[in-house]
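Down below is the structure, laid out as structure tokens.
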Amino acid sequence: MSSDPELEKIEKLFKPRTIAVIGASRNIAKVGGTLLKNILANGFEGKVYAVNPEAKEIMGVPSYPSVLDIPDEIDHAVITVPADKVPEVVEETGKKGVKVVSIITSGFKETGRADLEEKIVEIAKKHGVRILGPNIFGVVYTPTNLNATFGPEKVLKGKIAFLTQSGALGIALMAWTAMEGIGLSSIVSLGNMADIDPIDLGKFFEKDDNTKVIAMYLEGISSGRGQQFLSEFRKISKSKPVIALKAGRSERGTKAISSHTGSLAGSDSMYDSAFKQAGILRANDVEQLFDWAKMLASVDSFDLKGKGFVIITNGGGMGVMATDAAEANGLPLLEMTDDLKQQFRKSMPWFGSPNNPIDLTGQASANSYESAIKTALENDVITGAVVMYCEVGFLDPIELARKISYSLKTYNIKKKPVNVVMLGGEKTREAARMLDREGIPSYSIPERAVSSMAAFYRYALFRTGKSSLQ
Ligand code: COA
């Protein structure tokens, strides 16, 4: 538990002892019905209450006419009543002593009703209630099995916290990340950010042991919070990687933002330099955001040792593509010494290449990979490795995935960064998902793996205060 009373309230969003759904519907097809169903279906650890003036019980949960009637303290209340009823409901949560409310309801600043939004903020402030939203799809926190959203039921557990200013994108990504094997500690819909914003949430996730990486989709920063955003995130990103996808790069995109969440977008170059100052990695698209996030969530050390990275492959062409990508992304590849070449020669036939990329050839076996990975992990001069596989008939991708996983568990004592490319068909895709589920980041093409390793490298330089490998 935090000693900061405001941070304690934010904690209640994620770790409430009790939660009430105000506007819990008897109709499962309504937002308030789906949301209650999701809380129950995920096995949330705390107590659940419903508030609905028409019902005594909904889905087996006791229901009360008002939050004031619940015979228990309420930590977190989710509000799913229509906009005109929200002020009264917020007033009641205040009187009840609720710590934090997440307001799902739309129809505030984003539709020109800034007055209604100001009104609920004023009421909440008077009572010391913190607000997430309004205009959100809700909150997920997998360590407490909390899914207080009207999105998909299942989210894959993991170590990435995802904050999003786009509701539709967030909901879509709940299912997409699970399919892609990307594990999340949390998903937070930011909505209009009438009160709680990424700064408050960043402070929580910085201290949260269940989160290793903070990933954000942002359209803008709350007005008047720019300087604070910079100074707080400079601190947060020194202890945990922060990656942001900031939309509105183009002039038209910037205009589209103001009609979406009503945020002030600001110039794109201003965000670029602000992110750099704050140590925030800026991703170009959703795929890159999660590519980088799963790479950074996979590593246990950001100490940069050695003199460069190696690429291990069974396909010469893939090796060339990875080399080009390394140069384009500023990832330093190791210049191989004769001694190191001799060591890698043991992992390949005579026609292989021990230069970097290390080409094990198309006839590489799972044992060849194990031997090359062992050499890379045990050699102090090597900083990290990108291990690549092109599907070939005689090396089963599942067998290889098991061997890679075994090799990392057995030989990666120095906690070096390693990621994997699995390029091929259905079975290779299945092998890739296996690796992801074990926390070994896998990618479908060399460029994605190299870009993610380069993101690790840039972050590690920032964190350690180095400018390059020595
Ligand atoms: N306290 C508690 N419950 C109340 C209430 C009150 N003061 N007033 C009404 N309710 C109950 C209703 O009886 C209803 O339950 P029922 O279906 O069992 O009768 C439930 O709350 C919902 O009210 P209803 O009037 O049916 O609203 P709705 O479900 O059609 O719409 C919202 C409510 C919040 C979903 C809708 O206004 C909205 O904002 N939708 C957009 C949500 C969204 O997209 N958010 C952004 C995502 S990114």
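The values are calculated or read from the model by the stated rules, or taken from the named source; none is laboratory data. Not measured: the values here are computed from a predicted model. Please note: Cβ atoms are built from the backbone with ideal geometry, for glycine as well, and neighbour counts cover all protein chains shown. Areas reflect the complete protein model, heavy atoms only, side chains present, ligands, DNA and RNA absent. Shrake-Rupley method; radii C 1.70, N 1.55, O 1.52, S 1.80 Å.
Observations
- Within the option set Pro82, Pro87, Pro16, being in contact (Cβ under 8 Å) with a residue 24 or more places away in the chain, within 13 Å of the ligand (Cβ to nearest atom) and open to solvent by less than 70 Å² (accessible area, probe 1.4 Å) holds for one residue only, Pro87.
- Set side by side, the residues Gly167, Gly151, Gly128 differ, and just one is on the phi > 0 side of the Ramachandran plot and either more than 12 Å from the ligand (Cβ to nearest atom) or assigned by TED's automatic domain parsing to the domain that holds Tyr49 (or both), which is Gly128.
- When Ile39, Ile10, Ile28, Ile19 are checked against the criterion of being of a type outside the set (D, E, K, R) and in a loop (DSSP other than H, G, I, E, B), Ile28 stands alone in meeting it.
- In region 206-233, the residues that are over 15 Å from Ser267 (Cα atoms) and of a type in the set (Lys, Arg) form Cβ pairs under 7 Å with partners that are open to solvent by 30 Å² or more (accessible area, probe 1.4 Å) and at pLDDT 95 or above, at six or more places apart or across chains, as follows: Lys212/Lys159.
- Only one of Leu156, Leu163 that is aliphatic (A, V, I, L, M) and open to solvent by 40 Å² or more (accessible area, probe 1.4 Å): Leu156
- Among the residues of region 30-59, not one is among the aliphatic types (A, V, I, L, M) and at pLDDT below 95.
- Boolean, Glu122 is assigned to a helix (DSSP H, G or I), free of Cβ contacts under 8 Å to residues at least 40 places away in the same chain, more than 27 Å from Ile171 (Cα to Cα) and within 11 Å of the ligand (Cβ to nearest atom): no
- Applying the set (1) on the phi > 0 side of the Ramachandran plot; (2) open to solvent by 30 Å² or more (accessible area, probe 1.4 Å) to Glu73 leaves exactly one unmet item: (1).
- Restricting attention to region 247-288, the residues that are basic (Lys, Arg), open to solvent by less than 40 Å² (accessible area, probe 1.4 Å) and modelled with pLDDT under 90 total 0.
- Residue within region 403-423 that is in a helix (DSSP H, G or I), in contact (Cβ under 8 Å) with a residue 12 or more places away in the chain, under 23 Å from Ala178 (Cα atoms) and assigned by TED's automatic domain parsing to the domain that holds Leu331 present: yes
- Tabulated pairs, region 60-71, first within 21 Å of Gly43 (Cβ to Cβ) and in the same structural domain as Lys47 (by TED's automatic domain parsing), second within 12 Å of the ligand (Cβ to nearest atom) and among the basic types (Lys, Arg), C-beta under 7 angstrom, 6+ apart or interchain: Ser63/Lys56
- In region 293-310, the residue that is surrounded by the most Cβ atoms within 10 Å (Cβ to Cβ) out of those that are at pLDDT 95 or above and farther than 13 Å from Val418 by Cα is Ala293.
- Residue within region 175-195 that is closer than 17 Å to Leu296 by Cβ, in a helix (DSSP H, G or I) and at pLDDT below 95 present: yes
- Enumeration of residues in region 426-447 that are open to solvent by 50 Å² or more (accessible area, probe 1.4 Å), part of a helix (DSSP H, G or I) and touching a strand residue (DSSP E or B) at 6+ places or on another chain (Cβ under 8 Å): Arg429
- Any helices (runs of 4 or more DSSP H) falling wholly within region 282-380 and containing at least 2 residues that are outside the structural domain of Asn210 (by TED's automatic domain parsing) and free of Cβ contacts under 8 Å to residues at least 24 places away in the same chain: 316-329, 338-345
- Within region 54-78, the residues that satisfy the criterion of being in a strand (DSSP E or B), aliphatic (A, V, I, L, M) and within 14 Å of Val101 (Cβ to Cβ) are Ala77, Val78.
- Any chance Thr93 is modelled with pLDDT of 95 or more, under 13 Å from the mean Cα position of the chain (by Cα), buried (at least 19 other Cβ atoms within 10 Å of the Cβ) and within 12 Å of the ligand (Cβ to nearest atom): no
- Considering residues of region 21-61 that are more than 14 Å from the ligand (Cβ to nearest atom) and closer than 21 Å to Glu92 by Cα only, the residue surrounded by the most Cβ atoms within 10 Å (Cβ to Cβ): Val48
- Matching residues in region 205-227 - criterion: being away from the ligand (no atom under 16 Å from the Cβ) and open to solvent by 10 Å² or more (accessible area, probe 1.4 Å): Glu206, Lys207, Asp209, Asn210, Lys212, Ile221, Ser222, Ser223, Gly224, Arg225, Gly226, Gln227
- Taken over region 96-119, the residue count meeting the criterion of being of a type in the set (Lys, Arg), open to solvent by 60 Å² or more (accessible area, probe 1.4 Å) and within 13 Å of the ligand (Cβ to nearest atom) is 2.
- Any hit, region 131-148, residues being in contact (Cβ under 8 Å) with a residue 12 or more places away in the chain, more than 13 Å from the ligand (Cβ to nearest atom) and closer than 24 Å to Gln228 by Cβ: yes
- Residues located in region 297-314, provided they are in contact with a Leu (Cβ under 8 Å, 6 or more places away or on another chain) and not hydroxyl-bearing (Ser, Thr, Tyr): Leu304, Gly306, Lys307, Gly308, Phe309, Val310, Ile311, Ile312, Asn314
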